[in-house]
Amino acid sequence: MNYTVLDRGDELSRSLAAKFHELAAKRGMVRNDDSPSVIISIGGDGTLLQAFHTYAHRADLVSFVGVHTGHLGFYADWKADELEELVQVMSEKEPRIVSYPLAQIEVETSEGTSSYIALNEFTLKGVDGTLVAQININDESFEMFRGDGIVISTPSGSTAYNKSLGGAIVHPSIESLQIAEIASINNRVYRTLGSSVLLPKHHHCDILSSKKQRIMLAIDHITILRDDIRSIRCAVANRKVSFARYRPFTFWNRVREAFIGYDVQ
Ligand code: NAP
Ligand code: MN
């Protein structure tokens, strides 16, 4: 098995990465940073996002395993003190590969069209004030948005920024996109839906910039600032991300442990 390790860069994560390499070598696993088949992320969910974007061009060929060195992670489900057990099962067991949907956007600017893929979400924010954008669903006018911004999340990203905005938590087996508002302006003159919306795989939405404005576009943790965005087309991506599961840890257990706690009566 070809593997690589990405760590958060803090002392604990770095020492765990070194320990992983040591244990893996003893078990005949081959380190290959250029074309790994398994990518181990050591840190937090943010570290897994970085690992995902580092190897996004190989998304169809790789699977991810997350080890968390902070609190419980959504993408990182192995604990720091379980490293030996992880290396052992990785060298002995075939994992179950679990695939999660991704989101894709096509951004049209004065320079042309660029495509991006996100594991958690795309975030749009007005930089100098209110973001003003027309939102179309399946090429039909839906609403004129005025407010701080819009978050378009994947099912596995629904527990991140989307949750802070009151969006629903969506099981990753539901191939969908969620559109959530950030502080929309609603009064007798301006109106948006207010609730977050879930789009199925075969639908798309367009966000059309309605004025000359600087827009901050975040693709997971990566931010881009532009003043020439004309439109953004959002859809469920054709590609998926794969996680190698060596033991069960269901999505709803992760949700409960992260947000409710361990001692539910
Ligand atoms: P960060 O500021 O460390 O992330 C904020 C928090 O979101 C961290 O606790 C992070 O976990 C957690 N997180 C990331 N992905 C998650 C997921 N799928 N489900 C549940 N929690 C998740 O920045 P970052 O680590 O680079 O992560 C970028 C993400 O931060 C963005 O994709 C966005 O979802 C989120 N964010 C949230 C808000 C908000 O809630 N108001 C605002 C901006 C960005 P770790 O500590 O394990 O990394
Ligand atoms: Mn983080």
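For first residues located in the range 39-53 and over 20 Å from Pro95 (Cβ atoms) and outside any strand (DSSP E or B), partners that are among the acidic types (Asp, Glu) and within 11 Å of ligand 1 (Cβ to nearest atom) and lie 6+ apart or on another chain with Cβ distances below 6 Å form the pairs Leu49/Asp220.
Filtered by the rule that a residue be touching an Asp or Glu at 6+ places or on another chain (Cβ under 8 Å) and touching a residue at least 40 places away in the same chain (Cβ under 8 Å), the range 158-203 gives Ala160, Tyr161, Asn162, Ile182, Arg191, Thr192, Leu193, Lys201. Annotation: Leu72 fulfils all but one of (1) more than 25 Å from Val170 (Cβ to Cβ); (2) surrounded by fewer than 18 Cβ atoms within 10 Å (Cβ to Cβ); (3) within 16 Å of ligand 2 (Cβ to nearest atom); (4) aliphatic (A, V, I, L, M); the unmet one is (1). Residues in the range 24-59 that are more than 16 Å from ligand 2 (Cβ to nearest atom), surrounded by 17 or more Cβ atoms within 10 Å (Cβ to Cβ) and more than 14 Å from the chain's Cα centre (by Cα): Ala24, Met29, Pro36, Val38, Ile39, Ile40. Once the range 146-170 is narrowed to residues that are over 20 Å from Gly126 (Cβ atoms) and in contact with a helix residue (DSSP H, G or I) (Cβ under 6 Å, 6 or more places away or on another chain), the residue that is farthest from ligand 2 (Cβ to nearest atom) is Val170.
If you check Ser184, Ser176, which single one turns out to be surrounded by 14 or more Cβ atoms within 10 Å (Cβ to Cβ), among the small types (Gly, Ala, Ser) and either under 22 Å from Phe243 (Cβ atoms) or within 16 Å of ligand 2 (Cβ to nearest atom) (or both)?
Values: Ser184 fails: either under 22 Å from Phe243 (Cβ atoms) or within 16 Å of ligand 2 (Cβ to nearest atom) (or both).
After applying the criteria, what remains is Ser176.
Between a first residue in the range 114-127 that is touching a residue at least 24 places away in the same chain (Cβ under 8 Å) and under 17 Å from Arg214 (Cα atoms) and a second residue that is surrounded by 18 or more Cβ atoms within 10 Å (Cβ to Cβ) and aromatic (Phe, Trp, Tyr), which pairs have beta carbons less than 8 Å apart while being 6 or more apart in sequence or on different chains? What qualifies is Phe122/Tyr116; Thr123/Tyr161.
Would you confirm whether any residue within the range 3-13 is over 30 Å from Ser231 (Cα atoms), away from ligand 2 (no atom under 16 Å from the Cβ), in a helix (DSSP H, G or I) and not assigned by TED's automatic domain parsing to the domain that holds Ile215? Yes: the range 3-13 contains one or more residues that are over 30 Å from Ser231 (Cα atoms), away from ligand 2 (no atom under 16 Å from the Cβ), in a helix (DSSP H, G or I) and not assigned by TED's automatic domain parsing to the domain that holds Ile215.
The values are calculated or read from the model by the stated rules, or taken from the named source; none is laboratory data. Predicted, not measured: the structure shown is a model, and the values here were computed from it. FYI the Cβ positions are ideal-geometry reconstructions off the backbone, even for glycines, and counts take in every protein chain you see.
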